[in-house]
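Trainee: Take this structure first; my questions come after.
The values are calculated or read from the model by the stated rules, or taken from the named source; none is laboratory data. A quick note: this is a predicted structure, and the numbers were derived from the prediction, not measured. We place every Cβ from the backbone using ideal geometry, glycine too, and count neighbours over all the protein chains shown. Note: accessible area is taken over every heavy atom of the protein model, side chains too, but ligands, DNA and RNA are not part of it. Shrake-Rupley method; radii C 1.70, N 1.55, O 1.52, S 1.80 Å.
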Amino acid sequence: MNNQPSSRKLLTWFNPLGRNPGAWAFILNRLTGLGLTFYLFLHLIVLGRLAQGPQAYEEFLELTKSPLVKLGELLVIGAVIYHALNGLRVVLTSFGLGIRQQTQMFYLSVLLALVGTLVFAIRMFAG
Amino acid sequence: MSKPHVIIIGAGFTGVATAHDLALRGCQVTVVERGDICNGTSGRTHGLLHSGGRYAVKDKESAIECIEENQILRRIVPQVIEPNGGLFIALDDSDLSYAEQFIAGCEECGIPLEELTPQQALTLEPNLNPRLLAAFLIPDATFDPLRLALAFAATARHNGAQFRTYAEVETLLMDGQGNVTGVRILDRAANRHEDLHADMVVNATGAWAGQITAMAGLDAPVHPTPGIMVAYDQRLVQRAVNRLNEPGDGDIVLPQRRMVVVGTTSFTAENVDYIPVTEDQVQLMLERGSELIPAIRNARPRGIYMATRPLVGSGSGRSMARTFKCFDHKETHNIEGLVTITGGKATTMRAMAEKTADVVCAKLGIQTPCTTRETPLLSYRQYYTLSNQEKHYA
Amino acid sequence: MPEQWTLTLRLYRQKANEAPRYDTFTLQVNPDEYVLDAVERVWAFHDRSLCFRHACHHSTCGACGMRVNGVEKLTCITPLRAVTQNGAVLTIEPLRNFPIVSDLVVDMGDLYRKMERVNARAVLPVTEAEIEHPASTWNPEDAQYLRLSDCLECGLCISACPVAATTAAYLGPAPLAAIQDQGMRRHPELLPLADSEDGVWRCHSAFECTAVCPSFVDPARRIMDLRRQVVGAKLRQVFGK
């Protein structure tokens, strides 16, 4: 039997229509996971600037003061918090804990991710 | 010499059981069915594997068939049966006065019977109406309709039978002298017409038998007689519970998975392709069912449906015998090549098939005796796993 | 006179070697009828070429699974009122993750092969079924009574599962639930299958199977429990108990 995932069907992973909170959690986990992977590479490129000397790095850091980049950073923060909390949720349910509360745990993860992002946003833009 | 080819029209209980029987006797069998397995009456049956008690007073022939077949099916296809027995309970004086004939009838038909006190019955089934006056244990059982048919079909397929589902018979092929030589089908899945030739065509279309015989210009004495079933969402009993009286509306409640199913009624219908459910019949089932099991009033209907019995012979409705008839149209109308089997009930499906296969084999000169009584059936799942349909992914 | 609704059914149609399309049919319906009744009505009175699968009409056979407005439903027990409203369009499509035979009919042979492979129980003692009665209310002699198992093998969970969508090799919710039902201790021969790369660890906890299961199997919970059982069985292997 063909054991290889088919790329066309991968798209169905991201279709939230008619699905339930459990699947939204799954979709969001995939999206944040992909986003964070992308960010990791971006982060490595930035660090790569260090190799070109302090001045190049400082110049680059100036860019990060733009609001657009700040917004991106907030997205990264939200994604990290959600992905980590949902990871805990998946671990717990895999051990048979809180299966009946999995929906509430998902909502809690989203809520905490939003609150966390808000806290960082206030500090970032106020400071 | 190649095997004689038999086409069976209809993949309900009779069709699949006849396919199984004929495949065992060495025929090349093709089943043509306009829908999928059991999409008509068979799928929508109540699911009661009759002990025969229901017919022991007025229709002894059916009762004896039922008890024999009940025991055979329990043996050859346990995978689809809840073998928990059944109860007949009396709730009023009219019921009590029926008891004597009932006991005598069961004895005469060889149906094992055990009388319980009302208290014993309530211990076994706490949800029975506590006002019950008498109770008898008999070997009823419950079955899953589709899986019962699939087990026969799987075994037939294993023995070489071909199943052409979604293939609607458009006309019978004739040889010019009025004899039947095959069928023209419309393969509804492929949108293609096809002629299939055979040495014999078996019309196993139950309530629709008249539509097939009409293609050969014949009448079939089939009376489509629908009845309602209501499935409630709680498993309130472990056994089939019958009203101890003459067969009437809503007098059987039986367990299935997490449900109880109450049935049924009896009326006549013209268009058997679609029988609408009527609200008054649903109400009737609730009233009659809750006389047997009062807790049904606290349950909610989960599925409501109509099934059309194919009754044969004269009379009407409840008074008609529930036995089956096999017509060799050579004898009835001097038309060779067509055999019609109809009537009967799910419990007697194997016996109907045996009788039909006997007729077909006699006409084809096959001597092999029937072995379906002793042949355990394969898993119902194997009907699908043995399938080799062309596939395309959407 | 029962309440009457005007409903437009939008049905997925596909015949062998033809491109798929949607056909629409406008019907007068009673909202308390089931979705399957409406589909059967289209076949009986409007279009005899429509293929759909159905048998028992009361949720015991599992033949009539379809996607109703995108969501997997056992159509024989889904009242129209529960999924749509008067004047609306109701889209009905075949289950996903199975090959299409024709129109609304899919070939579920793959699921049945897997159910055979895990030797899923079709009949079990009533006392072992996790039913609404608390276990303590059973009489000891009730263990002799059997009932058909909850799983109808209807394929809804496979259709809803995002992992089954990506690979047909994944055992899928119903077969994994059937392994859990039998138990690792009583059936250690099922351990290699449950513990394989296409087994219990491939589940990504989307809980869609349980959301669509029409028959109280709760496959997601059973998969989670099976993980616990598999870990237990592996530990017993390591420590030689």
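Trainee: Run lengths n ≥ 4 of DSSP H only: what is the helix-derived mean residue ellipticity at 222 nm for chain C, with -39500 (n - 2.57) per run over all residues, to the nearest 500? Please list the in-between numbers first.
Mentor: Working: 8 runs with 64 residues, N = 241.
Rounded to the nearest 500, the figure is -7000 deg cm²/dmol.
Trainee: Assign unit charges at the C-beta atoms only (+1 for Lys and Arg, -1 for Asp and Glu), then state the dipole size of chain A relative to its Cα centre in Debye, rounded to the nearest 20. Kindly include the intermediate steps, with their values, before the conclusion.
Mentor: On the way: 10 positive and 4 negative charges, 113 e Å.
Taking the Cα centre of chain A as origin, the dipole is about 540 debye.
Trainee: Tell me, what is the percent relative contact order of the range A:22-126, built from C-alpha pairs under 8 Å that lie six or more residues apart?
Mentor: 34 percent
Trainee: Within chain B, which whole H helices from DSSP have a Cα span along their axis of at least 15 Å and a mean Kyte-Doolittle hydropathy of 1.6 or more, if any? If you can, show how the numbers build up before the last one.
Mentor: Values: long enough: B:13-24 (17 Å, 0.96); B:60-76 (24 Å, -0.51); B:93-109 (25 Å, -0.27); B:145-158 (20 Å, 0.62); B:279-292 (20 Å, -0.66); B:349-364 (22 Å, 0.36).
Qualifying helices, which must be both long enough and hydrophobic enough, do not occur.
Trainee: To continue, here is another question. Which percent of the accessible area of the protein assembly as shown is formed by carbon and sulfur heavy atoms (probe 1.4 angstrom)?
Mentor: Heavy-atom surface of the protein assembly as shown belonging to carbon and sulfur, 1.4 Å probe: 57 percent.
Trainee: Taking all pairs of distinct Cα atoms, average 1/r, flip it, and tell me the Kirkwood hydrodynamic radius of the range A:45-127 in Å to one decimal place.
Mentor: One decimal place: 15.0 Å for the Kirkwood radius.
Trainee: Let me ask something additional. Measuring from a point 7 Å past the Cα of C:GLN182 along Cα-to-C-beta, which residues in the range B:123-163 have an amide N at less than 20 Å?
Mentor: Residues B:151 fall inside that zone.
Trainee: Further, regarding this structure: Please give the Cα centre distance for the range B:245-308 versus the range C:205-240, rounded to the nearest Å.
Mentor: Computed from Cα coordinates, the inter-centre distance equals 38 Å.
Trainee: Hey, another quick one. Find the Rg to Rh ratio for the range C:5-106, where Rh is the Kirkwood radius over alpha-carbon pairs and Rg uses the same atoms.
Mentor: Details: Rg = 12.5 Å, Rh = 13.5 Å.
Result: Rg/Rh = 0.93.
Trainee: Dimensions of the protein assembly as shown along principal axes (Cα, Å, largest first)?
Mentor: 106, 68, 64
Trainee: Putting +1 on Lys and Arg Cβ atoms and -1 on Asp and Glu Cβ atoms, find which of B:LEU49, B:LEU22, B:ILE7 reaches farthest to the positive end of the dipole of the range B:1-71.
Mentor: B:ILE7
Trainee: Also, I was wondering about something else. Compute the Cα gyration tensor for the range B:97-221, then decide on rounded, prolate or oblate, letting a ≥ b ≥ c be the square roots of its eigenvalues: rounded whenever a/c is under 1.5, prolate when a/b is larger than b/c in the other cases, and oblate in all that remain.
Mentor: Working: a/c = 3.48, a/b = 2.47, b/c = 1.41.
Verdict is prolate for the range B:97-221.
Trainee: For the range B:19-47, state which residues have at least 50 Å² less accessible area in the presence of all protein chains than in their chain by itself, taking the probe as 1.4 Å and leaving out ligands, DNA and RNA.
Mentor: When all protein chains are present, B:ARG44 each give up 50 Å² or more of accessible surface.
Trainee: Quick check: from the Cα gyration tensor, does chain B come out rounded (a/c under 1.5), prolate or oblate?
Mentor: Working: a/c = 1.86, a/b = 1.78, b/c = 1.05.
Prolate, because a/c is 1.5 or more and a/b exceeds b/c.
Trainee: A further question follows. Let me have the relative contact order for chain C, percent, based on Cα pairs under 8 Å that are six or more residues apart.
Mentor: So the answer I get is 17 percent.
Trainee: Against the longest alpha carbon principal axis of chain C, how many degrees, from 0 to 90 and to the nearest 10, is the axis of helix C:219-238 turned?
Mentor: Helix C:219-238 sits roughly 20 degrees off the main axis of chain C.
Trainee: Could you compute how much accessible area chains C and B hide from each other, both sides summed, with a 1.4 Å probe? Nearest 100 Å² is fine. Please list the in-between numbers first.
Mentor: Working: alone 12390 and 16850 Å², together 23850 Å².
Interface between C and B: roughly 5400 Å².
Trainee: Note the buried accessible area between C and A here, summed over both chains, with a 1.4 Å probe, in Å² to the nearest 100.
Mentor: The C and A chains share an interface burying roughly 2100 Å².
Trainee: Something else about it: Roughly how far apart, in whole Å, are the Cα centres of the range C:2-75 and the range B:123-153?
Mentor: 32 Å
Trainee: Excluding ligands, DNA and RNA, what is the solvent-accessible area per residue of the range C:5-106 at a probe of 1.4 Å, expressed in Å²?
Mentor: That works out to 30 Å² per residue.
Trainee: Can I ask one more? With charges only on Cβ, +1 for K and R and -1 for D and E, what is the dipole size of the range B:117-174 about its Cα centre, in debye, rounded to 20?
Mentor: Approximately 120 debye in magnitude.
Trainee: Mind scanning B:LYS345/C:LYS114; B:LYS58/B:LYS345; B:LYS60/B:LYS363; B:LYS3/C:LYS15 and naming the pairs with a C-alpha gap bigger than 24 Å?
Mentor: B:LYS345/C:LYS114; B:LYS60/B:LYS363; B:LYS3/C:LYS15
Trainee: Next up: Less than 15 Å from a label point 7 Å out along the Cα-to-Cβ axis of B:TYR274: which backbone N atoms in the range C:1-29 qualify, by residue?
Mentor: C:5-11, C:24-29
Trainee: Follow-up. DSSP H helices in chain A with Cα extent of 18 Å or more along the helix axis and mean Kyte-Doolittle hydropathy at least 1.0?
Mentor: In chain A, the long hydrophobic H runs are A:21-48, A:67-94, A:102-126.
Trainee: Just tell me the longest site-free run in chain B, where the sites are GluC sites (Glu not before Pro) in a DSSP loop having at most 14 other beta-carbon atoms within 10 Å.
Mentor: Result for the longest clean stretch: B:1-269.
Trainee: Which of these, A:VAL80, A:VAL115, A:VAL69, has the largest mean-square fluctuation under a Gaussian network model of chain A (Cα springs below 10 Å)?
Mentor: Checking each option, the largest mean-square fluctuation is seen for A:VAL69.
Trainee: Relative to the first principal axis of the alpha-carbon coordinates of chain C, what is the inclination of helix C:173-182, with its axis defined by its Cα atoms, in degrees from 0 to 90 and to the nearest 10?
Mentor: 40 degrees
Trainee: Sticking with this structure for a sec: Positive end of the dipole of chain B, charges at C-beta (+1 Lys, Arg; -1 Asp, Glu), about the Cα centre: which of B:VAL261, B:THR308, B:LEU113 has its Cα farthest in that direction?
Mentor: B:VAL261
Trainee: Put +1 on the Cβ of every Lys and Arg and -1 on every Asp and Glu Cβ in the range C:88-229; which of C:PRO162, C:CYS203, C:VAL123 then has its Cα farthest towards the positive end of the dipole?
Mentor: Ranked along the dipole, the leading option is C:CYS203.
Trainee: Still on this structure, I have one more. Quick one: among C:PRO94, C:PRO175, C:PRO162, which has the greatest mean-square fluctuation in a GNM of chain C with alpha-carbon springs under 10 angstrom?
Mentor: Result: C:PRO162 has the largest fluctuation of those listed.
Trainee: Between B:GLU114 and B:HIS197, how high is the FRET efficiency from 1/(1 + (r/R0)^6) when r is the Cβ-Cβ distance and R₀ = 60 Å? Nearest 0.05.
Mentor: Numbers: r = 54 Å, r/R0 = 0.90.
Efficiency at R0 = 60 Å is approximately 0.65.
Trainee: Now a separate question. Test of understanding: in a Gaussian network model of chain B with alpha carbons linked when under 10 Å, which of B:MET285, B:MET215, B:MET229 would top the mean-square fluctuation ranking?
Mentor: Taking springs between Cα atoms under 10 Å, the residue moving most is B:MET215.
Trainee: I need the shape label for the range B:49-109. Rule: rounded when a/c is under 1.5, else prolate if a/b > b/c, else oblate, with a, b, c from the alpha carbon gyration tensor.
Mentor: oblate
Trainee: Which whole-number percentage describes the relative contact order of chain B, with Cα contacts under 8 Å and a sequence gap of 6 or more?
Mentor: Worked out over chain B, it gives 23 percent.
Trainee: Mind checking the dipole of the protein assembly as shown: about its Cα centre, +1 per Lys or Arg Cβ, -1 per Asp or Glu Cβ, Debye to the nearest 20?
Mentor: 2800 debye
Trainee: Right, something else. Using the Karplus curve 6.51 cos²θ - 1.76 cosθ + 1.60 with θ = phi - 60°, what ³J(HN,Hα) values do you get for each residue of the range B:207-216, in whole Hz, with x for Gly and Pro?
Mentor: My calculation for the range B:207-216 gives 5, 9, 4, x, 5, 6, 5, 4, 5, 9 Hz in order.
Trainee: Here is a follow-up. Compute the accessible area of each residue in the range B:251-267 twice, once for its chain alone and once with every protein chain present, using a 1.4 Å probe on heavy atoms, and list those whose area falls by at least 20 Å².
Mentor: Buried on complex formation: B:GLN256, B:ARG257, B:ARG258, B:MET259.
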